[in-house]
Amino acid sequence: MKIKSSAILTVLVSGFIAFLPKVHAVSPPPDGGYSGGNTAEGQNALLSLTSGGFNTAVGFLSLRSNTAGSFNTAIGAGTLLANTADGNTATGVGALLSNTTGFANTANGVFALFSNTTGSNNTAIGHDTLMSNTSSNANTAIGGEALANNTSGSQNTANGQQALSGNTSGSLNIALGFRAGINVTTADNVICIGADGNNVNNSCFIGQIFGSTSVNGVAVLVNSNGRLGTMTSSARFKDEIKPMGKASAALFGLKPVAFRYKNELDPAGTPQLGLVAEDVEKVNPDLVVRDKDGKPYSVRYDQVNAMLLNEFLKEHRKVEEQDCRIQAQETTIAALKKQMETVVAHAKEQDSQIQKVSAQIELNRPASRVVADSP
């Protein structure tokens, strides 16, 4: 909204007059000092001024077209040349040169916001920053050529030389670092930190993470509000700790699937394995991650892994119990086998004794007589 310059001017002038000490006029008088708190120095600086106040124009054609605009500061040849609005600050040759009705802009650097006409609340620091911007609002560019090609994109933030330099109409983008976001041209809501990024709406790119190993670290998670954080397993952060019990039985109702993401998500069509959030919700709603609208979005695979561990340990304990029973049975069988061997050995010994006795009896039996018939 346009600043109500006349009312503010009246208050400021009255206040200044009331509190100024009674002093003698300086001699010689300040060069370029004019009524209404205006200061002009340079060929045709503030040439068209009528009722505007508290403007400062230093440099060839600076604030040349300004008539009623107030609280503007233009330092450098051609700065704010076409301006008629309030509250703009331009420092550097050609800064905000084309601005007409855009207000509350700050341009510091050669040709910063050079093409801006009606855009407001823009901040450009560095040579050629936001140079092509015309009517867009609330952009912040810090670093040479940052957002240099932006024309209609609004509410972008670029910090770093040539950051978001390729953006033309994308809005609500953030880029930090040298040439950060250089591949973003028309997309919205893209965050690039130390990365070139891609022209994909509602995306985030952070450099120096992929391929960089962090030993003994923890996984980083993000919730539906965009908050980053990590999971903790310390007991000091937990209440109502108890065995999982049968809660992990829900695993047996899950349906693992093979799939490919849609083309807009993965043009390469890489084969994937996993679960479908809507299917998991039917089995156990607590295993589902939801978006801002409360719709199923993903699966809490960390919880699924914990359930798998519980089921594994339950089966492991069963196997251990079976092993114990088998070992006990094997011990019993070994003892019985040993007993049987003893019994068999004893039986063999008894049989041997019996055979010896039988043989002795045969030896001691009287010889039978043979009676011959008489002739």
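The values are calculated or read from the model by the stated rules, or taken from the named source; none is laboratory data. On a predicted model such as this, the values are computed, not experimentally measured, just so you know. A quick note on method: Cβ atoms are made from the backbone with ideal geometry, for glycine too, and the neighbour counts reach across all protein chains shown.
Some notes on this structure:
- Only residues that are within 20 Å of Ala158 (Cβ to Cβ) and of a type in the set (S, T, N, Q) were counted across region 89-120, and they come to 9.
- Applying the condition of being within 17 Å of Thr73 (Cβ to Cβ) and of a type in the set (A, V, I, L, M) to region 113-131 and asking which residue is surrounded by the fewest Cβ atoms within 10 Å (Cβ to Cβ) yields Ile125.
- Selection of region 49-66 for residues being among the β-branched types (Val, Ile, Thr) and in a loop (DSSP other than H, G, I, E, B) yields only Thr50.
- For region 93-108, the set of residues classified as part of a loop (DSSP other than H, G, I, E, B), touching a strand residue (DSSP E or B) at 6+ places or on another chain (Cβ under 6 Å) and over 16 Å from Asn150 (Cα atoms) is empty.
- Against the conditions (1) over 24 Å from Ser171 (Cβ atoms); (2) hydrophobic (A, V, I, L, M, F, W, C); (3) buried (at least 22 other Cβ atoms within 10 Å of the Cβ), Val110 satisfies every one except (3).
- Residue match in region 316-330 (condition: closer than 30 Å to Thr232 by Cβ and either surrounded by 10 or more Cβ atoms within 10 Å (Cβ to Cβ) or modelled with pLDDT of 90 or more (or both)): yes
- Options Phe205, Phe210; residue that is surrounded by 15 or more Cβ atoms within 10 Å (Cβ to Cβ), among the aromatic types (Phe, Trp, Tyr) and within 14 Å of the chain's Cα centre (by Cα): Phe205
- Region 175-196 residues that are more than 20 Å from Thr151 (Cβ to Cβ), paired with ones that are part of a loop (DSSP other than H, G, I, E, B) and of a type in the set (Lys, Arg) (beta carbon under 8 Å, 6 or more apart): Asp196/Arg179
- Unmet requirement for Ser214, which otherwise passes all of (1) of a type outside the set (Lys, Arg); (2) modelled with pLDDT under 95; (3) closer than 29 Å to Lys292 by Cβ: (3)
- Of everything in region 58-72 that is touching a residue at least 40 places away in the same chain (Cβ under 8 Å) and within 45 Å of the chain's Cα centre (by Cα), the residue that is surrounded by the most Cβ atoms within 10 Å (Cβ to Cβ) is Gly69.
- Residues satisfying the stated conditions in region 109-131, i.e. in a loop (DSSP other than H, G, I, E, B) and among the hydrophobic types (A, V, I, L, M, F, W, C): Val110, Phe111, Ala112, Leu113, Phe114, Leu130, Met131
- Candidate set: region 77-93, residues that are of a type in the set (Gly, Ala, Ser) and buried (at least 24 other Cβ atoms within 10 Å of the Cβ); chosen: the one farthest from Ala112 (Cα to Cα): Ala85
- Region 221-249 residues that are more than 14 Å from Ala306 (Cβ to Cβ), paired with ones that are small (Gly, Ala, Ser) (beta carbon under 6 Å, 6 or more apart): Leu221/Gly229
- With respect to (1) of a type in the set (Phe, Trp, Tyr); (2) assigned to a loop (DSSP other than H, G, I, E, B); (3) within 22 Å of Phe312 (Cβ to Cβ), the lone exception for Phe252 is condition (2).
- Qualifying positions in region 258-294 - surrounded by 15 or more Cβ atoms within 10 Å (Cβ to Cβ) and of a type outside the set (A, V, I, L, M): Asp279, Glu281, Asn284, Arg290
- All positions within region 175-193 that are closer than 21 Å to Thr134 by Cα, of a type in the set (A, V, I, L, M, F, W, C) and surrounded by fewer than 22 Cβ atoms within 10 Å (Cβ to Cβ): Ile182
- Members of region 302-331 found to be more than 19 Å from Gly253 (Cβ to Cβ) and among the polar types (S, T, N, Q), listed by number: Gln322, Gln327, Gln329, Thr331
- Pairs linking a residue in region 74-99 that is on the phi < 0 side of the Ramachandran plot to a residue that is among the basic types (Lys, Arg) and not in a strand (DSSP E or B), with Cβ atoms under 8 Å and 6 or more positions apart or on different chains, are Leu81/Arg64; Ala82/Arg64; Ala85/Lys2; Asp86/Lys2.
- Residue match in region 207-219 (condition: under 30 Å from Val276 (Cβ atoms) and in contact (Cβ under 8 Å) with a residue 12 or more places away in the chain): yes
- Considering residues of region 218-243 that are within 17 Å of the chain's Cα centre (by Cα) and in a loop (DSSP other than H, G, I, E, B) only, the residue surrounded by the most Cβ atoms within 10 Å (Cβ to Cβ): Ser224
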